[in-house]
Amino acid sequence: MLGSKTLSAQSSAWMRVALWAGVVALGVGIVFIAQTQPALLEKFPETWNLGLRQPINDFQSWVIGHRSSHPVFAFFFDPLSDLIDFGLRRVEDFLLITPWYLVVLAFGLVGYWLAGWRLTLLAVGGLLFCGLVGLWEESMQTLALMSVSVFISLLIGIPLGIIASRSAAFEAALRPLLDGMQTMPAFVYLIPVLLFFGVARVPSVVATVIYALPPAIRLTTLGIRQVILSAIEAARSFGSTPRQMLLKVELPLALPSIMTGVNQTIMMALGIVVIAALIGAGGLGREVTISLQRLKVGDAFEAGMAIVLLAIILDRLSDALSKYDFTGVGRRQRVLAGVLAALQLPAKGLAWLVCRIAPLAGRRANYETVYESLAQNLFLINSVLIVAALWLADALAFHSGGFPSALNIRLDIPADAVVRWMRDNLYEIGGSPFGTGPLSDFITLQMMNPLRDLLVKTLPWATVILWVAALAFTASGWRLALAAAVGFFTIGLLGMWEAGMDTLSQCIIAIFFTIIIAVPVGVLTSRNDAAQMVLRPLLDTLQTIPPFVYLVPVIMLFNIGRVPGLIAAVLYALPPGIKLVDLGIRQVPVETVEAATAFGSTGWQTLFNVQLPLALPSILVGINQMIMMVLSMVIIAGMVGGAGLGLEAVTGLARSDTGRGIEAGLAIVALAIVIDRITQAWTTEK
Amino acid sequence: MTPAPASIPSAPEISCRDVWKVFGKNPLSIIQSIRPEQTRAQILETTGHVVGVRGVSFDVYKGQTFVVMGLSGSGKSTLVRSVSRLADATSGQIIIGGQDVMKMDDRQLLELRRHKVSMVFQNFGLFPHRRVIDNVAYGLEVQGVEKKARYERAEKMIELVGLSGWARHYPKQLSGGMQQRVGLARALAVDPQILLFDEPFSALDPLIRREMQDELIRLQTVMHKTIVFITHDFVEALRLGDRIAIMKDGEFVQVGTPEELVLNPQTDYVSAFTKDAPRAKVLTVRAAMKPIPSGAPIPSNHHIVHPDMKLEEVMPFVAATDTPIPVLDDASAALGFIDRTSVMQALVA
Ligand SMILES: Nc1ncnc2c1ncn2[C@@H]1O[C@H](COP(=O)(O)OP(=O)(O)O)[C@@H](O)[C@H]1O
Ligand SMILES: [Mg+2]
């Protein structure tokens, strides 16, 4: 035993020596090459390019040329996209034919059923807002797109989740795929999706489904895995078949988790609404992008608010659904529910009807039992019946349809005014060297440019790769060092070295700003409940707003360029960062803090000697998250003049240069994976 | 619970022979390599395998309650779970109603679990998403019994365990004791011949536990099920068991009636449990009986006692009389006598 231990200690010591020797040799090699063949290091050699672009573009041309003739399209993609299109249109038509006030009423009733009058208020208020700013039709389109996408995600995700919960091998095979789907910028697969499902709004549904699928799968698997073992054992002991086990025990008990999956799926889908609009999704996303392109801040603001409100409504509704106690235990007796429960007639009628109809289907139904099960959901039944009756009445008599245009409030005018004022007064405050303009210049000229020049021009690419590998080595070990080097090298091979380093420099600056803001603010809110109370709703809102919405005013204030992207990234990454820092400090056990106080630590001493060190793991996780979120903003930064990989990807998409778009996308993925793994290793190490 | 049958019926209801359960990579080959003197800890140290059950054999006859008593980790759950193959024993024979459980295929196993053997669990194992009645009816539901029939049966069982009126409630609305009554009703609903109990009352407060034991004794006087009952509480074992096995490190240390164990603990391990046993409740007159010296007359007393009476029952009048009391069997033949001294000696020994 002892012998083998010293042996392994020795061999790892040798490894270290060998490794450092290798690093030194590489460094010497670089210097040597720099002296003899300077051209090789100055730029990443173009001759090494993998040359993906041409074959991809050729493939694209082939697809376009064969779309109408090849069997893959005739028998697979076309029918599939027809089917999706058909479903989407039916849902959309249904939402648009239904009188607007009934949509509002139905959401209100569902909200009341799930959680009470607060949710009703939120749902009714939010939908009325959408109508009042004149975006009823767009909102319904977005709602339809969301419903169809979420429905398809669940249709695929839940069965896959069940299989994954059954088979460890299947789950192991699925995991890297899901990881990839979640880290990959949606753009990367938007392009091929566009290629294969080339009909109007179908690609956006498919892209949304791909984007929203992982949580549906993951939470189904998790839910089933978490079903208490004692229930499973009991079910087994009574001779349940696997099928009975699944249907009678596992799925019902996994339902809350699956519902959380539904909630997350909806939120993911909403998060991509604006991006989906870029490939023809229509609806609110389109309103935002068009307004953005025309720099009409007010209009973008209205549509953005509508998205935010829809997001909040759907989030709260599905969240309530995931917490809804279907067992009826502890269900609150609600006033309105009581009133409607007094109207037992509809349920009685329905029970009677069921008893008449059931024999026709060859089944026996007992009035008492049918009524009993109906009576448990009296509120829901009455709601459905009322809405249905009103719908019928409206269809016969009023034909209301869409939101009346006479009811309109114009938020775009004041919003425009505010932004105009800000631009006039904050850009250069009183002609002084202060204001957003000079700030923007400062960040660009003094921070971003030098760093970019350092990475792109001053340092030879080989040195950058060596540095990254060294960083990975100290964070974890030689495996990660190797992976990191390969990852960065791949960026070069894709022909994206300069764009990649440009993006990297922007990310580093964004991460720097995010961390120096998030950590102190998180510390503050963790120690001051009032501050937390104020900040919480702000952070929650910030998390649901699609970044496009605040990009518009930011651009007005800071001009097109790399700064708006930076600010958007920082704003995007701040909320989870602040929350995790706050949570980490709050989770430090009270006893530990009290012990420190008992020994006479001052508040600051407790913070620095006890709370921060103990909260470090959580803070590091927060930093990792912030970095990943900053990275996911790369594309959006590219759209507002941020250059780098984002710009490459956007240009590729805009010019139908699919090869270029995919190269940029892959480079983003490589960058993201390397940075994620290094920070994660660093997180778990400490 | 019921006195052991005087004449043993033809075949035991459950019969286990040399049952082993080893956890690890290579359980079968490990069993062959284990030497008898190796302790469980040594086996774990040298082979990395955990011996859950180690060569256990026992028989349970119809209507009997067989209690397995042991400290936590001694392998009781593993043993009882392997009876209905919730855990697969590594080797040995487990015969139920003439069939070897270990050789059953999936279909036969379903049949066994659906109709013959039911189980009650330590943490109740109720389905939180089902009402009491649907919990109780679960076994019938998976058998495919029609709704009306299974609800009728379930209602009856709920009444039997004293939970009338709670059928439409959910488990979490019930107290621990009531939840285990649901567990019991659920096990009884399928009318199994065999009931397996894995520490069913361990999670309950002492008073409730006592109440549940009484309840089980009451039910068993009408049901006559064949029961395997697991516990770590020796007093509970004494109250419920017709025969008790003391288990340690996967092995049965001693098997016997409560009286045999108390009178004659074979190892220090067993006597550690028996020394605090309520002897008056366990020992019978037989244990305090002295032979009548040859030629001496049968003592005369206006009391007479039966050899199977518990000392607890005879103590009041033994204490009140100075003269010996004759012990007469069913045929009124004198077997011996007891007196104050002999009873005291039996109680303190
Ligand atoms: N699935 C398993 N894998 C490995 N060891 C197990 C497993 N189940 C039980 N054991 C071990 O078997 C021994 C007996 O466990 P168990 O039967 O649960 O004991 P008891 O019910 O008497 O407390 C314990 O040492 C336990 O750690
Ligand atoms: Mg146990």
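The values are calculated or read from the model by the stated rules, or taken from the named source; none is laboratory data. Values in this document were obtained by computation on a predicted structure and should not be read as measured data. All Cβ positions, glycine included, derive from the backbone under ideal geometry; neighbour counts span all protein chains shown.
Worth pointing out:
- Here residue B:249 fits the description: within 16 Å of ligand 2 (Cβ to nearest atom) and in contact (Cβ under 8 Å) with a residue 12 or more places away in the chain.
- The one condition in (1) closer than 14 Å to residue A:233 by Cα; (2) more than 16 Å from ligand 2 (Cβ to nearest atom); (3) not assigned by TED's automatic domain parsing to the domain that holds residue B:255 that residue B:85 fails to fulfil: (3)
- Only one entry of A:313, A:258 meets the criterion of being over 30 Å from residue A:658 (Cβ atoms), surrounded by 19 or more Cβ atoms within 10 Å (Cβ to Cβ), in contact with a Ser or Thr (Cβ under 8 Å, 6 or more places away or on another chain) and modelled with pLDDT of 85 or more, and that entry is A:258.
- Breaking point among (1) over 22 Å from residue B:262 (Cα atoms); (2) surrounded by fewer than 14 Cβ atoms within 10 Å (Cβ to Cβ); (3) at pLDDT 85 or above, for residue B:328: (2)
- Hits in region B:121-133 - residues which are facing chain A (nearest Cβ under 9 Å) and not small (Gly, Ala, Ser): B:121, B:122, B:123, B:124, B:126, B:127, B:128, B:129, B:130, B:131
- Region A:216-245 residues that are in the same structural domain as residue A:269 (by TED's automatic domain parsing) and among the hydrophobic types (A, V, I, L, M, F, W, C), paired with ones that are surrounded by fewer than 21 Cβ atoms within 10 Å (Cβ to Cβ) and not in a helix (DSSP H, G or I) (beta carbon under 8 Å, 6 or more apart): A:228/B:128; A:231/B:128
- Qualifying positions in region B:128-155 - touching a Lys or Arg at 6+ places or on another chain (Cβ under 9 Å) and either buried (at least 24 other Cβ atoms within 10 Å of the Cβ) or in a helix (DSSP H, G or I) (or both): B:132, B:133, B:135, B:136, B:137, B:138, B:139, B:140, B:141, B:142, B:143, B:154
- Residue match in region B:79-97 (condition: more than 14 Å from chain A (Cβ to nearest Cβ), within 16 Å of ligand 1 (Cβ to nearest atom) and within 25 Å of residue B:234 (Cβ to Cβ)): yes
- Residue check, residue B:120 within 13 Å of ligand 1 (Cβ to nearest atom) and within 27 Å of residue B:189 (Cβ to Cβ): no
- Selection within region B:210-233 - within 16 Å of ligand 2 (Cβ to nearest atom) and outside any loop (DSSP other than H, G, I, E, B): B:228, B:229, B:230, B:231
- Test: residue B:109 is within 13 Å of another protein chain (Cβ to nearest Cβ), away from ligand 1 (no atom under 16 Å from the Cβ) and farther than 15 Å from residue B:250 by Cβ: yes
- Taken over region B:182-208, residues that are within 16 Å of ligand 2 (Cβ to nearest atom) and not hydroxyl-bearing (Ser, Thr, Tyr) amount to 9.
- Elements of type helices (runs of 4 or more DSSP H) contained in region B:234-294, each with 3 or more residues being under 24 Å from residue B:73 (Cβ atoms) and within 16 Å of ligand 1 (Cβ to nearest atom): B:234-240
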